[in-house]
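These notes concern the structure reproduced below.
The values are calculated or read from the model by the stated rules, or taken from the named source; none is laboratory data. Keep in mind that this is a model prediction, so the values were computed, not measured. All Cβ positions, even for glycine, are placed from backbone atoms using ideal geometry, and neighbour counts span all protein chains on display. Just the protein is used for accessible areas: all its heavy atoms, side chains included, with ligands, DNA and RNA removed. Shrake-Rupley method; radii C 1.70, N 1.55, O 1.52, S 1.80 Å.
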Amino acid sequence: MKKIGEMLVEQGKVSERDVERTLLAQSEMGDMFGQVLIKLGLVSELDFAQVLSEQLDIPLYAAADYPEQPVAVDGVALDFLFSNAVVPVRADDGLVHFAAATPQDPFLAKALSMALDKPVAIALGLESDINRSLQLYLQSTEDGDEDDINDQFAGQSDDEFIEHLRDLASEAPVIRLVNQIIHRAVDLSASDIHIEPFEDGLHLRYRVDGVLQEHADAPAPGLSAAIASRIKLLSHMNIAEQRLPQDGRIMTRVKGHELDLRVSTIPTVHGESIVMRVLDRESIRLSLTDMGFSDDTLRRYQELLARPHGVLLVTGPTGSGKTTTLYASLASLDSEHLKIITVEDPVEYQLQGVNQIQVQSQIELTFARALRSILRQDPDIIMIGEMRDTETAQIGVQSALTGHLVLSTLHTNTAAGAITRLEDMGVERYLITSSVNGVLAQRLVRTLCAHCKQQVTLSPEAIKRSGIAPFLAEGQRDVYQAAGCPHCLETGYSGRTSIHELFPLDEEMHRVIMSGADATVLHAAARRQGMITLYEDGLRKVAAGQTSMEEVLRVTQDQSDEAHSTEALAMDLSIEQAVSV
């Protein structure tokens with residue numbers, strides 16, 4: 001039997017170099033060869049399945065081959081079906097037919113035939129089709145459960161109700177449903193799961209590539225309390241407390257991924273709203289070269305990072321990748337010969353050779369208190385998860401002045417805005433100029449789907465109005481826009497990359513800061529010194545075909561000082577793209 005990689009190369013689906021890259025990634029990720037190929041975007045799920053079907057000499061089920069009504073099979077646990085990505089398709093003449101994502105698994109057929117006590121036939125199916133069919137299968141088993149749950153709550157006292165919730169959260173239907181919600185987050189590569197009760201029912205949304213997407217198959221409203229109880233049990237919260245916000249954490253393994261779920265509940269008028277932040281320890285990229293830096297920005301940032309002391313700040317809104325950039329920065333340093341200590345809330349990823357401290361407000365272990373203590377630990381580099389208050393900012397600045405390199409984050413819109421923010425927090429301007437080496441502002445933009453992005457030609461007016469001309473190659477007028485296909489769930493985007501704005505504090509900037517300039521004047525002065533703004537860095541990636549003009553405008557529309565009108569520009573671009581298409 002030929003190897004699947006050889007067959008893909010022979011059929012022109014991938015190159016030999018792609019196969020080598022996949023094998024290298026497989027040794028790090030631990031997934032199956034085909035799964036790694038698809039995750040890297042080197043081949044579509046359908047193309048790989050067709051070649052695998054040929055290699056194994058077994059049929060491939062199309063989406064139309066799955067039944068509209070689930071096929072009931074007794075004796076096979078639903079958890080087994082979900083865990084192994086297998087679903088019953090039909091039963092006839094004493095033979096049960098299944099579709100599986102990995103039909104070559106020798107134990108799959110044996111386990112199913114033993115559970116059913118009859119022969120089985122397993123064909124190949126796309127994992128996306130199998131998951132869709134399993135969702136229907138799950139709903140069919142829950143229809144009766146929901147009525148039972150609603151009836152059981154009638155006439156109970158508060159204590160009985162809480163106890164009943166505890167029992168209910170441990171029952172199979174609710175366990176399966178919560179597991180499926182988490183599994184789907186992994187399939188979608190979602191960063192957050194939102195489970196929200198409203199007047200019209202329970203809403204389920206996933207944040208994918210920074211954008212919330214409504215999921216059509218939301219859990220039934222009657223299961224709202226049971227789902228909340230199950231999640232609170234898993235995250236070690238107080239299941240009886242439904243009137244106050246709570247925070248917790250779930251550590252689990254899903255489809256070969258080590259997941260760390262940060263759970264937050266908050267009471268609303270229709271019940272408890274739950275948000276789970278999904279941290280996939282295996283997917284985090286801790287290399288500065290993989291963070292989307294432009295070459296010149298990366299070179300200057302690494303120069304600031306190499307300085308022996310001073311403050312280096314990363315700014316941006318929540319969810320803009322600030323902490324990941326700091327982790328990648330620490331990972332690039334020599335932890336073997338440097339003492340590195342971090343103070344975080346929470347510790348998101350554990351780094352080799354780095355002493356990481358978890359802030360615990362309930363015992364008054366705050367950023368400021370931890371910082372005062374770690375200065376006696378003889379650190380070379382200190383990372384502060386966030387400068388939230390005056391005391392933390394002042395201790396951070398003092399640490400930099402006494403010979404430490406301090407990395408931290410701030411919530412500001414622009415790099416120049418970090419200077420005035422520090423001043424608002426009580427840090428004197430002469431201390432800012434003496435201690436701060438530079439500020440990096442960051443945003444995340446979605447990258448275009450490689451399977452469906454469309455080429456468009458910009459008019460001379462659009463090129464002039466957008467300011468993209470300096471970043472286009474000679475004679476280039478074509479860029480790309482989002483289209484939408486099954487690979488990207490019709491969004492036109494798959495994955496994200498960073499855009500940056502680096503604000504180094506040199507002697508000229510020191511003079512401007514000491515003159516009492518506000519953020520707008522500081523930003524203008526930095527532009528005169530050659531600073532590339534977030535918008536301009538985004539234009540670089542538009543010219544390179546990585547993202548679209550619309551996406552850059554969406555992310556940087558708060559940059560009001562740019563010499564363009566975003567609304568007028570977006571209108572020009574949409575008209576121009578419509579004409580070119």
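To keep it simple, each residue is scored yes or no on (1) crowded, with 16+ Cβ neighbours inside 10 Å; (2) in contact with a Pro (Cβ under 7 Å, 6 or more places away or on another chain); (3) hydrophobic (A, V, I, L, M, F, W, C).
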| site | (1), (2), (3) |
| --- | --- |
| Glu54 | no, no, no |
| Leu78 | yes, no, yes |
| Asp93 | no, no, no |
| Val96 | yes, yes, yes |
| Phe107 | no, no, yes |
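In the stretch 486-500, the residue that is farthest from Asp47 (Cα to Cα) out of those that are free of Cβ contacts under 8 Å to residues at least 60 places away in the same chain and surrounded by 20 or more Cβ atoms within 10 Å (Cβ to Cβ) is Gly492. Taking Leu375 as the residue in question, decide whether it is open to solvent by less than 60 Å² (accessible area, probe 1.4 Å), of a type outside the set (Val, Ile, Thr) and outside any strand (DSSP E or B). Judged against the criteria, Leu375 is not a match.
Kindly indicate whether Pro267 is surrounded by fewer than 18 Cβ atoms within 10 Å (Cβ to Cβ) and under 18 Å from the mean Cα position of the chain (by Cα). Considered against the rule, which asks whether it is surrounded by fewer than 18 Cβ atoms within 10 Å (Cβ to Cβ) and under 18 Å from the mean Cα position of the chain (by Cα), Pro267 comes out as no. Checking each residue in the stretch 507-541 for being of a type in the set (S, T, N, Q) and under 19 Å from Pro470 (Cα atoms) picks out Gln529, Thr533. Just one of (1) in contact (Cβ under 8 Å) with a residue 60 or more places away in the chain; (2) within 25 Å of Ile384 (Cα to Cα); (3) crowded, with 18+ Cβ neighbours inside 10 Å; (4) hydrophobic (A, V, I, L, M, F, W, C) fails for Leu286. It is (3). Going residue by residue through the stretch 452-467, is there one that turns out to be of a type in the set (Gly, Ala, Ser), surrounded by fewer than 22 Cβ atoms within 10 Å (Cβ to Cβ) and without any contact (Cβ under 8 Å) to a residue 24 or more places away in the chain? No, the stretch 452-467 contains no residue that is of a type in the set (Gly, Ala, Ser), surrounded by fewer than 22 Cβ atoms within 10 Å (Cβ to Cβ) and without any contact (Cβ under 8 Å) to a residue 24 or more places away in the chain. Listed by first and then second residue, the pairs with beta-carbon distance under 6 Å, at least 6 apart or on different chains, first residue in the stretch 34-57 and touching a residue at least 24 places away in the same chain (Cβ under 8 Å), second charged (D, E, K, R) and in a helix (DSSP H, G or I), are Leu42/Asp18.
Note on the stretch 194-288: enclosed strands (runs of 3 or more DSSP E) holding 3 or more residues that are at pLDDT below 85 are 246-254, 257-268. The single condition among (1) over 24 Å from the mean Cα position of the chain (by Cα); (2) open to solvent by less than 10 Å² (accessible area, probe 1.4 Å); (3) closer than 22 Å to Ser294 by Cα that Val427 does not satisfy is (3). Across the stretch 347-372, the number of residues qualifying as in contact with an Asp or Glu (Cβ under 9 Å, 6 or more places away or on another chain) and not in a helix (DSSP H, G or I) comes to 9.
Annotation: of all residues in the stretch 366-398 being in contact (Cβ under 8 Å) with a residue 40 or more places away in the chain and of a type in the set (Gly, Ala, Ser), the one that is nearest to Val427 (Cα to Cα) is Gly396. Cβ-Cβ contacts under 6 Å between residues 6 or more apart (or on different chains), taken from a first residue in the stretch 508-526 that is closer than 14 Å to Leu431 by Cα to a second residue that is at pLDDT below 90 and assigned to a helix (DSSP H, G or I), are absent. For the stretch 470-505, the set of residues classified as modelled with pLDDT of 90 or more and in a helix (DSSP H, G or I) consists of Pro470, Phe471, listed by residue number. Restricting attention to the stretch 300-340, the residues being among the hydrophobic types (A, V, I, L, M, F, W, C), open to solvent by 30 Å² or more (accessible area, probe 1.4 Å) and not in a loop (DSSP other than H, G, I, E, B) number 1.
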